[in-house]
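Structure first, commentary second.
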Amino acid sequence: MSFSASSNNITVTDSSGATIFNTDTPMPHITNVITATQAHTFPESGDSSHVIAYYGSSADSTCPVNVQVWREVCNYEYVTVWGNICSWDYVYDYGTGTYSYQEVCAYGPTTTYENVCRDQLVWEQQPGPVSGTVSGNTVSAKDHAATYTLGTVTSGTSPDFLLALMTATRTTAGAQHDMGTFTSAIPANKIAANGSTVLESAFEPGGASWLSRIVSVYLDGDSVKAEFKHSNRQYVGWTDMGSASVCGLFPPDASAAASNTSSTWSIIFEVYVGKFTT
Amino acid sequence: MAHTLHADGTSGKVYIYNNASAPSIYAVPTSAQLGDLNFHSALSYLGNSVVVEATVTHPVRTRSSYETKGLFSSTTHYDPVQGTSTYNLGNNSLGANAPFVPFYGTAQVPSGTVIHQVGESVRAVSIYVTATKVKIYESWATFDQSLPAITRTYKVYLFNTLFTGSGNTSLAITGNSFTAGFGKLSSSYRYLRDSASPDFYVTQGKTADVSGGGLKVVLPDGSVQYNSSNYTGSFAGTSGRGVEI
């Protein structure tokens, strides 16, 4: 250890010779410790449905339709037929005065009762067309920011830095309709909140983020503030989140289930306000 | 510039300031005088810093998928899967109220940062402290891609908040130690000090911004640590101040 005071300098070293204190090297101290609890709700971004696909089927038994078709229809009925009706009779010949046994025919009707089949147009129920719509959810783009004052430092202090701890609880977790709850790596324990902290994120296929939420602890004059900031661009999900079908050729409207993008955070901040020697 | 070391024989206060003014001026420092003080026993310091460094292997996170077969083809479907894990980085001898600066790899990045991403599948982490441990919290989500195992090194600087003095020693200088201000200035501690070759940076400003759904992180050293392809803002960060311990 050494202590020296010379040439307008005061220096202290430890037993290994490392400098512990040197008046030429500014050493910060803590001017204030600010503790505050702040809740914030990131609002809904809003959403709407979009059609992923229309589909149709021309033969679905759940959608019967009446159609006229030619069918062979058979019925028992009396049938009269005109023609020669022949029989064997004794016939007297006045010329010879003799009888002969011969076939005698005469034109006339013959009626029978029989099964008669005919092709007819008949009404029948057949599987008919069904039309459907599959919808996905579109989250609207939104930007949002809210700032809260966590505390103030004595006027004239002009702090140089903040070291912040926070214990955050996500009391309501926002979600996207296809991927579930927004990714958040914030435990319910004390984490460093120096500068900004990433609260929630969501990503598109391919990797680009489409939603980001942060909280920043910063100095604004004599005030220590926390800014909750959100930004999301439009997100079009292509996962089936709604569907409807009807009998017929015209697909119906089908609303997709809405996303609940709102999240609520409650955060306990402990902010150490620091200042260097000038 | 002259410097004055003053030990008050009545109050026991010790202070070091950057001029030759009468010590009584700084007996009870005002906010306007704080910049003059190299040390004052009435002030609070960050010292006795502890460094915890550990390497963690984050395991593979396998996607969930299933196939449906059609007449001529099959289709693969994916289910989103999420989970969390915690890992010990080391012991925390300073208690749960110790402020700290975490490093992920070599970067002093914000808590909650995504450290691993494959397509839509991500892994994000935060370092946190309990009364006795320094830990890391991992949150992961997979969809169409699995996350292979990765190894990351984390470093944490924890600071003892020297708010109250201990004992009744105003100033003591021995062959082995220097103690002043009831233990607040001690040769056995490691204090934060301004440095051109810093271990890390401190800042009073924001280190990230969101816009267009994207995120941009500008560290206090001025480096852009992360910038989403779809970030549409103009955040330039806030200059920090380099310190060493």
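The values are calculated or read from the model by the stated rules, or taken from the named source; none is laboratory data. This structure is a prediction, so every number in the text was calculated from the model and none was measured. Neighbour counts run over all protein chains shown; Cβ positions are idealised from the backbone, glycine included.
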*Output the number of residues of the stretch B:39-80 satisfying the condition of being of a type in the set (A, V, I, L, M), within 19 Å of B:Ala124 (Cα to Cα) and in a strand (DSSP E or B).*
2
*Filter result for B:Leu94 (among the hydrophobic types (A, V, I, L, M, F, W, C), farther than 24 Å from B:Leu215 by Cβ and either at the interface with another protein chain (Cβ under 7 Å from one of its Cβ atoms) or part of a strand (DSSP E or B) (or both))*: no
_3 or more residues facing chain A (nearest Cβ under 7 Å): qualifying strands (runs of 3 or more DSSP E) within the stretch B:200-242_ = B:208-211
*Among the residues of the stretch A:116-137, is there at least one that is among the hydroxyl-bearing types (Ser, Thr, Tyr) and either more than 30 Å from A:Cys63 (Cβ to Cβ) or loosely packed, with under 14 Cβ neighbours inside 10 Å (or both)?*
no
*asked:* Can you tell me which residue is nearest to A:Glu200 (Cα to Cα) among those in the stretch A:33-54 that are within 14 Å of chain B (Cβ to nearest Cβ) and surrounded by fewer than 19 Cβ atoms within 10 Å (Cβ to Cβ)?
replied: A:Thr35
_Out of B:Leu215, B:Leu192, sole residue that is crowded, with 22+ Cβ neighbours inside 10 Å, at pLDDT below 95 and at negative phi_ = B:Leu192
*Please enumerate the residues belonging to the stretch A:228-251 that are assigned to a strand (DSSP E or B), surrounded by fewer than 18 Cβ atoms within 10 Å (Cβ to Cβ) and within 11 Å of chain B (Cβ to nearest Cβ).*
none
_Residues of the stretch B:87-113 satisfying the condition of being crowded, with 21+ Cβ neighbours inside 10 Å and β-branched (Val, Ile, Thr)_ = B:Val101, B:Val109, B:Thr113
*Is at least one residue of the stretch A:209-227 among the aromatic types (Phe, Trp, Tyr) and surrounded by 24 or more Cβ atoms within 10 Å (Cβ to Cβ)?*
no
*asked:* Report every pair of residues separated by at least 6 positions or lying on different chains whose Cβ atoms are under 8 Å apart, first residue within the stretch A:110-127 and over 19 Å from A:Val67 (Cβ atoms), second among the charged types (D, E, K, R).
replied: A:Tyr113/A:Glu77; A:Glu114/A:Glu77; A:Val116/A:Glu77; A:Cys117/A:Glu72; A:Arg118/A:Glu72
